[in-house]
Each structure stands twice: as structure tokens, then as C-alpha cells.
Amino acid sequence: MRVTPPEPNERENLVTSEKNGREQGDATGRAAATGDGGPVDAATEDFVAHRNLLFTVAYEMLGSAADAEDVLQEAWLKWAGVDLDTVRDRRAYLVRITTRQALNRLRTLGRRKESYVGSWLPEPLLTAPDVAEDVELADSVSMAMMLVLETLAPVERAVFVLREVFDLGYDEIAEAVDKSPATVRQTAHRARAHVAARRPRGVVSPTESRDALAAFQRAVETGDLQGLLDILAPDVVLLGDGGGIKQAVLRPISGADKVARLMIGGLMKQGDAVSMGAAQVNGYPALVVRLDGELDTVMAVRFDEGRITGLYAVRNPEKLSGMRREAVLHR
């Protein structure tokens, strides 16, 4: 039987009478059966309190909202069976469970990516404005940064995320990844150097991002080739993810002229059926492309020193569910 981990706004529905608890599943049924706020009631409350944090940890490790939700499902099942009297720090324990489940899922994802059709891109998330206000969090979930994290080994990625994004201590991380603190320190140093060599150069303000993206949109919509070349870096790279379901470039396209002509030519073919609009995706401005009014493509960008150096076009419909409602991310 599938026991769904509680959503934050489902707290009151989950902890109910004994009769309703039996109808809603084994875990919540046990919670209600205690009648006096027993251990599973407390487990539910703790899980709900930290759910957004746990989702953020899982998503940053996996780059997939769907897989992050599955990890939360697995973490909830384990958490519901824990004797809370033995847990000193419940937040740390939940992060540890989630990290271990995410590591298991990350290895499975690695095998899945080996047979993926074309480029694999992270799953875009429609994010609330408060994510952009937390500069470090927005940077950590940006499409450009998520692609950098993809180049790390699973344990390196876990260590980097837990240390650099969530500021966990080395001892806590060691318990989460089942390594010694000394090994974790070495791994963190190696991962930090690896990321530093590949992350975007310099910080781009939200205003600069919006202005550059608006200029890009105008140039594409009006067929202004020179205007597009002015905003694209000479070595810009376009990646497309159709997952073998939707047509997309199967290999990276490099060079401003090639990318500009492909973008303008592709849009011209669609005529009036296509429309573009701005949205906040993974903490940064991005473009949402609709075809006949239906969501077709999410295009995130990477900025370096005032110009676009990376374009990431996600068309795989299985990866667009995260655009239906704002994701609540939390550190």
C-alpha cells in the first residue's frame, strides 16, 4: 500500500479520528489510533515542518522533481517507523534519511541517463519570488548550477550540497553519506574546486537577467539576427532535451551564429501558433514557450559577464510538471 508523505497543507487532514485514519492509510491510521498525540502524530508534524527543506535537498541532489517526490515518499516510510524518543535532532535525522534515499536514487538515475535520447537536462521548477531573494539558494538551484552538479560523482554531489548550500557540519554529513568526517572534508574540498572551475563567472543581478532575457526575446520574436548576436556570447552553447518524445537538438549546438539562426528559424516556422513569455524558473528569469496555447518548452539561460553563454531548452513533457504550480524551496 502506498502511503503518501504529508503535504504541509494536509496536516489537519492527516491527523484525524481513528475512523478517518483507517481510511487514509496505514501510517495516518496508526497516528489517529493512538488518540493522545502518539509517536506517529509527532512524526507527521516533524515531517510536515521540514518537508520543503527535504524536497530541496532531494531536488538539488537529483535534478528531478518527480524523483525528489519519490525520495520523500521513501523517507516518510522510514521516518514513520522510527522511535522518536531515540532521535536527538529530528531535522538532522530527516536530512540523513533523505540524503541516503537520494543517493540510492541518484545511482539509478545515472544508469537511466546512459540510455537517454539526446541531452539530459534538469527538470525545471516554477519558483516563488522568495527563492530569488535568497541569492545563495537561487544560485544553487539555477539550471546552470544544476548542470555543474551533474558533473560530480554521487557522494561528491551530496557532500557539496549539504555543506555549501545547507551549511551542515562535517560530522552530520559524514553520518548522512556513511563516510568518516576526514573523508567528507577531503570530498568537500575536491567538490568545491570542481564546481568553482565550472560555475558561471560573476554574479548577475535579477534586473540584469530580466533585461538580457527581454532583449533575447525581442530579437527572437522579431527575427533580429544582429540583435540576437549582440546578446549571445560568441561561444554560447544550446542544449535541448526532448527525451525522445519531442523534437530537440540531439547534440549541443555551439557558436552565436549557429544558435541565433536556429532560434529564429525555428520560431518562424511556427508562425502565430507560438508565443513566448517570462517566468521565474529555478530562481531566475526564464522563457516559457507555448504552442497553440499549450506549454511546449521551458528555456533557461546562463549569463556570464553580461552575455548569454548557455541556453537550456527543456521540451520533454515528462519534465514539465514542475511548471504547473510554484515549488516551495527552503534551506
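How many angstrom separate the Cα center of region 57-108 from the Cα center of region 228-267?
37
Nearest 10 degrees, 0 to 90: what angle lies between the long axis of helix 256-270 and the longest principal axis of the chain (Cα atoms)?
The helix 256-270 is inclined about 80 degrees to the chain.
Can you send over the carbon and sulfur percentage of the accessible area for region 174-245, probe radius 1.4 Å, protein chains only?
51
Could you derive backbone 3J(HN,Hα) for region 53-62 from the dihedral phi with the Karplus parameters 6.51, -1.76 and 1.60 (θ = phi - 60°), listing whole Hz in sequence and x where the residue is Gly or Pro?
These are the phi-based 3J(HN,Hα) values: 4, 5, 4, 5, 4, 5, 5, 5, 7, 10 Hz.
Just to be sure I understand, if you calculate Cα extents along the principal axes in Å for this structure, which of (1) 49, 46, 41; (2) 61, 39, 38; (3) 69, 48, 38 do you get?
Matching the structure shown: (3).
What residues qualify as long-range amide H neighbours of V236, i.e. H under 5 Å apart, gap of 5 or more or another chain, H built at 1.01 Å from N?
G255, A256
With the cut-off at 1.5 for a/c, could you classify region 226-271 from its C-alpha gyration tensor as rounded, prolate or oblate?
oblate
When the helices in the chain are scored as -39500 (n - 2.57) per DSSP H run of 4 or longer and the sum is shared across all residues, what 222 nm value do you end up with, to the nearest 500 deg cm²/dmol?
Rounded to the nearest 500, it is -16000 deg cm²/dmol.
Give the accessible area for E175 in Å² (nearest 10); use a 1.4 Å probe, count only protein heavy atoms, and leave out ligands, DNA and RNA.
Its accessible surface works out to 100 Å², give or take rounding.
Please report the carbon-and-sulfur percent of the accessible area for region 270-331; probe 1.4 Å, protein heavy atoms only, DNA, RNA and ligands left out. Intermediate results must be reported in sequence, preceding the final value.
Numbers: 1210 of 2830 Å².
Of all accessible area on region 270-331, carbon and sulfur atoms account for 43 percent.
Could you give the C-alpha radius of gyration of region 45-98 expressed as a fraction of 2.2 N^0.38 Å, taking N as the number of residues it contains?
Computed over Cα atoms of region 45-98, the ratio equals 1.08.
So what does R185 come to for accessible area, using a 1.4 Å probe and Å² rounded to 10?
Its heavy atoms expose roughly 130 Å² to the probe.
Carbon-plus-sulfur fraction of the accessible area of region 55-162, 1.4 Å probe, in percent?
Using a 1.4 Å probe with all protein chains present, region 55-162 comes out at 49 percent carbon and sulfur.
Kindly report the accessible area of the chain per residue (heavy atoms of protein chains, probe 1.4 Å, no ligands, DNA or RNA), in Å².
48
In whole Hz, what ³J(HN,Hα) sequence does region 316-323 give by Karplus (6.51, -1.76, 1.60; θ = phi - 60°), x for Gly and Pro?
4, x, 5, 9, 9, 5, x, 9
Taking amide H atoms as placed 1.01 Å from N in the peptide plane, list the residues 5 or more away in sequence, or in a different chain, whose amide H sits under 5 Å from that of L329.
A128
The values are calculated or read from the model by the stated rules, or taken from the named source; none is laboratory data. Source: prediction; values computed, not measured. The protein model used for the area step is the full one, side chains on, heavy atoms only, and it has no ligands, DNA or RNA in it. Shrake-Rupley method; radii C 1.70, N 1.55, O 1.52, S 1.80 Å.
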